[in-house]
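Below: the structure, in structure tokens.
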Amino acid sequence: MSVAVASFAVFAASQVGTPGPANMALLATGARYGFRAALPFVAGVALGKQLIIWPIGFGLMELADRAPWVFETLKWVSAVYIMWLAWKVANLRLGAGNDALKAPGFAAGLIVHPLNPKAWAMIVAGFTSFVTPGTDPVIATTWIAAILLGTQILLHPLWTLAGNTIARTLAGTIWEPYLMYTLAGLTVASVLFVLFGGGT
């Protein structure tokens, strides 16, 4: 097999299922708007990763070799954007005013992963560590894309549901602000880990 499918599936689950900017956004969205209202956002987040996978699979990494500053700039711009989102999460409050019509939708979800440094690192690691050199790009990209999408379909809703469950317990209590501060802090920490810790 030109793609280590089983090994990559385990890797994908370990990455998609652990805290990161996207999962923190899903957790916060589920907490703020409820599980059902957040589902379009969840779908956008899941499909948004495909916007990175296919260009990388078909040669975007060659651009990284020729003009590394492009990716370095993108990495820092993405980090700033996600930290801005974290600041917004820190100032959100649950309970009263929870209006499903104001929940972020599919389009908002689509841009989460293209602006997520963890997603870029994860996908690059997938192609460089689990694909045999010389593999047909179509075959390699199809496997990487399918495995990641399947993993996201299973795990992203769980983060959103967790946020919804936590909110039901803490909304309107003295602990509510601390929950939002914690979510924001975890989001920032996950970005910093990817930037400076070498994590994926």
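Quick notes
- Accessible area per residue for the range 114-175 is 48 Å², calculated with a 1.4 Å probe on protein heavy atoms, without ligands, DNA or RNA.
- Pairwise FRET efficiency - ARG168 versus SER7, Cβ, R0 = 45 Å, nearest 0.05: 0.75
- Pairwise FRET efficiency - LEU47 versus TRP175, Cβ, R0 = 25 Å, nearest 0.05: 0.15
- Residues THR132 and PHE58, FRET efficiency given R0 of 22 Å [Cβ-Cβ distance, rounded to 0.05]: 0.85
- If the chain linking ALA125 and MET83 were pulled fully straight, counting 0.36 nm for each residue of separation and taking away their Cα-Cα distance, it would gain 12.8 nm.
The values are calculated or read from the model by the stated rules, or taken from the named source; none is laboratory data. Source: prediction; values computed, not measured. For neighbour counting, all protein chains shown are included, and Cβ atoms are generated from backbone atoms with ideal geometry for every residue, glycine included. Only protein heavy atoms, including side chains, enter the accessible area calculation; ligands, DNA and RNA are left aside. Shrake-Rupley method; radii C 1.70, N 1.55, O 1.52, S 1.80 Å.
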